[in-house]
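Have a look at the structure below, then the notes.
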Amino acid sequence: AQSVTQPDIHITVSEGASLELRCNYSYGATPYLFWYVQSPGQGLQLLLKYFSGDTLVQGIKGFEAEFKRSQSSFNLRKPSVHWSDAAEYFCAVGAGNTDKLIFGTGTRLQVFP
Amino acid sequence: DTGVSQDPRHKITKRGQNVTFRCDPISEHNRLYWYRQTLGQGPEFLTYFQNEAQLEKSRLLSDRFSAERPKGSFSTLEIQRTEQGDSAMYLCASSASPRTPLHFGNGTRLTVT
């Protein structure tokens with residue numbers, strides 16, 4: 001069965017520091033992968049997606065992610081974090097003919113000034 | 001593109017009452033999904049529609065839950081005889097075609113007292 005693991009429940013960084021959020025997936029076929037961000041009480045906003053091709057994908061708000069098939073990982077990165085990046089981040093894998101998303105449990109990012 | 005709209009934003013109900021939520025997807029999107037998100041967790045898939053046909057239901061969707069999409073446009077999710085364990089954020093998402101990202105609404109937060 002498909003699954004997504006986000007090992008870090010909570011990460012705290014200082015504003016201006018670099019960031020990497022980890023995501024590991026389990027999926028039998030070629031996966032298509034997503035990162036979403038959620039602010040408190042809000043829905044999910046798409047940051048970036050990987051379907052095929054270049055394994056380094058660029059997203060909105062300066063985020064990027066790298067697909068590594070050998071490690072079954074799709075880690076999210078940002079070189080310099082802004083206070084407004086504080087939110088919950090979810091990694092997801094698209095599954096089956098319905099394209100439903102299987103989500104990880106999320107990583108809460110806290111940013112200190 | 002006005003985005004996915006959900007109504008109401010918040011619903012407080014007493015245990016045993018029935019509740020109904022509405023989702024209006026992006027107008028040209030024929031795929032519609034319902035998810036449930038509890039505190040500290042990622043969204044969990046509930047059900048999927050392609051046009052008016054309900055093509056997949058999760059085991060999470062007990063017989064107290066029913067979803068419809070009568071004309072292939074808006075959708076409703078009804079919960080009968082609500083229980084405290086139903087308290088959660090209910091998210092709706094839509095997409096236009098296979099392997100395209102899901103667009104999420106801001107959700108309906110249900111509190112069962």
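The values are calculated or read from the model by the stated rules, or taken from the named source; none is laboratory data. This structure is a prediction, so every number in the text was calculated from the model and none was measured. Here the Cβ positions follow ideal geometry from the backbone for every residue, glycine too, while neighbour counts run over all protein chains shown.
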message: For a quick check of your reading of the model, give me the residue pairs whose first member lies in the range B:40-53 and is at the interface with another protein chain (Cβ under 8 Å from one of its Cβ atoms) and under 15 Å from A:D99 (Cα atoms), whose second is hydroxyl-bearing (S, T, Y) and assigned to a strand (DSSP E or B), with beta-carbon atoms closer than 6 Å and at least 6 apart or on different chains.
response: B:P43/B:Y35; B:F45/B:Y35; B:Y48/B:Y33
- request: Filter the range A:75-113 down to residues that are part of a strand (DSSP E or B) and of a type outside the set (A, V, I, L, M), then give me how many there are.
  value: 14
message: I'm checking my understanding of the structure. Among residues of the range A:71-113 that are of a type in the set (V, I, T), in contact (Cβ under 8 Å) with a residue 12 or more places away in the chain and crowded, with 17+ Cβ neighbours inside 10 Å, which one is farthest from the other protein chains (Cβ to nearest Cβ)?
response: A:V81
- prompt: Within the range A:21-44, can you find the residues that are within 8 Å of chain B (Cβ to nearest Cβ) and in contact (Cβ under 8 Å) with a residue 12 or more places away in the chain?
  reply: A:Y32, A:F34, A:Y36, A:L44
message: Condition first: away from chain A (no Cβ under 14 Å) and modelled with pLDDT under 95. Now tell me which residues in the range B:54-75 satisfy that.
response: B:S62, B:D63, B:P70, B:K71, B:G72, B:S73
query: Can you tell me which residue in the range A:1-42 is nearest to A:I102 (Cα to Cα), limited to those that are among the polar types (S, T, N, Q) and not in a strand (DSSP E or B)?
result: A:Q2
message: Among (1) among the β-branched types (V, I, T); (2) closer than 26 Å to B:S94 by Cβ; (3) surrounded by 12 or more Cβ atoms within 10 Å (Cβ to Cβ), there is one condition A:V13 misses while meeting the rest; what is its number?
response: (2)
